[in-house]
Amino acid sequence: MTTTDWTSVHDMLRNARRIGVASHLRPDADALGSTIAFTLWLQSLGKEVHAFNEEGATGKFHYLPQHALVALPPADPGFYDVFVALDTSVKKRLGTVLEHIAPGTPILNIDHHVSNERFGDLNVVDPTAPATGQMLVEFFRMSGTPITRDMATNLFAAISTDTGSFQYAGTTERTFAAASHLISCGVDVPALSREMYENQPRRRFELLRHALETARFECDGRIATFSLPLEVTRRLEVLPEDNEGIIDHLRSVEGVEAAVFFEELPGEMVRVSARSKFPRIDVCKVCGLFGGGGHPMAAGARIPGTLADVSARFLDALSHETRN
Ligand code: AMP
Ligand code: MN
Ligand code: MN
């Protein structure tokens, strides 16, 4: 984020009184943590802020301070002077929240996805940041904005989860500088980490057990996959939020270069979640072939078709990418 970017952000928000803030569907801690921190900041400026997510701040995110600020979209659309989209690469990923943005509402788009479609009237997109939360820390610091402990905890959760606990590509000295600053603002790292990583529902463990039992290794063990049929989702009573991170167990195996998770959704639709272990394998490009996007080493798509059909087509495209 450059000085010009943050000056433009301030200019855009200065005279706005009523502001909507939202992030992508199937939210993660970067989406929600960024939404909550940005909302708290706008409130401190005296703005009337309405924060949404298609799914609200679902159960497992109860550890994010002030998560109750994030509501489900209300029945009646409101009117906003500015609408802020955070951590959202394409407008359609706002889901049903989109219906709450009146045509012509100026959109401020703050995101770190390389595949961001610049759908805003002002787009602040930094693919070198591993989390939207890091962009916000840098923005607040550049503008001399105090970061409260609640804001800091939300932003730390955003950065910690999107970087796989400070491991993934994009984790740089800027990331540690941001995290260090957040700790100086009062984040209790062990307590927060316990909530984020050591408080998984039993359901999720059963899902992991299923994944480990049914995982497949293709292309001489370079690609690992796991499929989740709807019937299993129903039997194990898995919630969408339980899936996150399961795929990392597949990627962590020696020799695996890319991992893919195929989740059957109702209506002959498959949600694909792809991860790569090496920068030379660009899963964002492969997901892009199917109308999805994300980051070079972590991307997704929603593809119409059956599990068998979608996984065959996707693996074919991915095997070309891993061969290059
Ligand atoms: P996931 O595999 O769902 O954790 O997503 C990995 C990354 O890809 C995230 O940054 C998502 O925002 C992005 N992503 C996932 N699904 C899609 C999609 N259908 N279209 C665009 N980006 C996506
Ligand atoms: Mn996200
Ligand atoms: Mn993110």
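The values are calculated or read from the model by the stated rules, or taken from the named source; none is laboratory data. Predicted model, so just to flag it, every value in this text is computed and none were measured. Please note: Cβ atoms are built from the backbone with ideal geometry, for glycine as well, and neighbour counts cover all protein chains shown. Only protein heavy atoms, including side chains, enter the accessible area calculation; ligands, DNA and RNA are left aside. Shrake-Rupley method; radii C 1.70, N 1.55, O 1.52, S 1.80 Å.
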Highest to lowest packing among 274-287, 218-231, scored as the average C-beta count within 10 Å: 274-287, 218-231
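Per residue of the chain, what 222 nm ellipticity follows from adding -39500 (n - 2.57) for every DSSP H run with n ≥ 4, rounded to the nearest 500?
On the way: 11 runs with 123 residues, N = 324.
Using -39500 (n - 2.57) per qualifying helix, the result is -11500 deg cm²/dmol.
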Size-normalised alpha-carbon gyration radius of the chain, reference 2.2 N^0.38 Å: 0.98
Segments 27-34, 3-10, 173-180 sorted - mean Cβ within 10 Å per residue, highest first: 27-34, 173-180, 3-10
Region 17-81: trypsin sites (Lys or Arg not before Pro) falling in loop per DSSP and having at most 12 other Cβ within 10 Å: 17
Simple spin-label estimate for residue 121 and residue 249 in nanometres, 7 Å along Cα-Cβ: 4.8 nm
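Assign one of three labels to region 10-134, namely rounded, prolate or oblate, based on the Cα gyration tensor with a ≥ b ≥ c the square roots of its eigenvalues; rounded applies when a/c is under 1.5, prolate when it is not and a/b is larger than b/c, and oblate otherwise. The partial results should precede the final answer.
Numbers: a/c = 1.22, a/b = 1.02, b/c = 1.19.
It is rounded, given that a/c, with a ≥ b ≥ c, falls under 1.5.
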FRET E, pair residue 79, residue 44, Förster distance 25 Å, beta-carbon r, rounded to 0.05: 0.65
Distance between modelled label sites at residue 213 and residue 316, nm, 7 Å Cα→Cβ extension: 3.1 nm
Among 309-319, 247-257, the order from most to least packed when residues are scored by Cβ within 10 Å on average: 309-319, 247-257
Residue-span extension gain [residue 177 to residue 280] - 0.36 nm each, minus C-alpha spacing: 34.4 nm
Residue list for region 258-277, given a label point 7 angstrom along the Cα-to-Cβ vector of residue 234 and an amide N cut-off under 11 Å: 266
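For region 96-194, with every protein chain kept in place, what is the accessible area per residue (1.4 Å probe, Å²)?
I get 40 Å² per residue for region 96-194.
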Alpha carbon centroid spacing (whole Å) that separates region 198-253 from region 263-324: 16 Å
Calculated from backbone phi, Karplus (6.51, -1.76, 1.60) coupling profile of region 118-129 in Hz, x at Gly/Pro: 6, 7, x, 7, 10, 10, 10, 10, 10, x, 7, 8
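How many Å² of accessible area per residue for region 14-79, probe 1.4 Å?
Details: 2660 Å² over 66 residues.
Spelled out: the 1.4 Å probe surface of region 14-79, per residue, equals 40 Å².
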³J(HN,Hα) computed for each position of region 85-97 - Karplus, 6.51 cos²θ - 1.76 cosθ + 1.60, integer Hz, glycine/proline x: 9, 10, 6, 10, 7, 9, 4, 5, 6, 6, x, 5, 4
Positive minus negative residues near residue 13 (Lys, Arg vs Asp, Glu; Cβ under 11 Å): +1
Relative compactness, region 202-323, computed as alpha-carbon Rg over 2.2 N^0.38 Å: 0.97
Max mean-square fluctuation residue, GNM over the chain, Cα-Cα springs under 10 Å, options 243, 53, 15: 15
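In terms of the Cα gyration tensor, with a ≥ b ≥ c the square roots of its eigenvalues, is region 17-78 rounded because a/c is under 1.5, prolate because a/b exceeds b/c, or oblate?
On the way: a/c = 2.01, a/b = 1.24, b/c = 1.61.
Taking the square roots of the gyration eigenvalues as a ≥ b ≥ c, region 17-78 is oblate.
Rounded to a whole number, what % of the accessible area of the chain do carbon and sulfur atoms account for, probe 1.4 Å? Before the final figure, lay out each step's value.
Details: 7530 of 14160 Å².
Summing carbon and sulfur atoms, their accessible area is 53 percent of the total for the chain.
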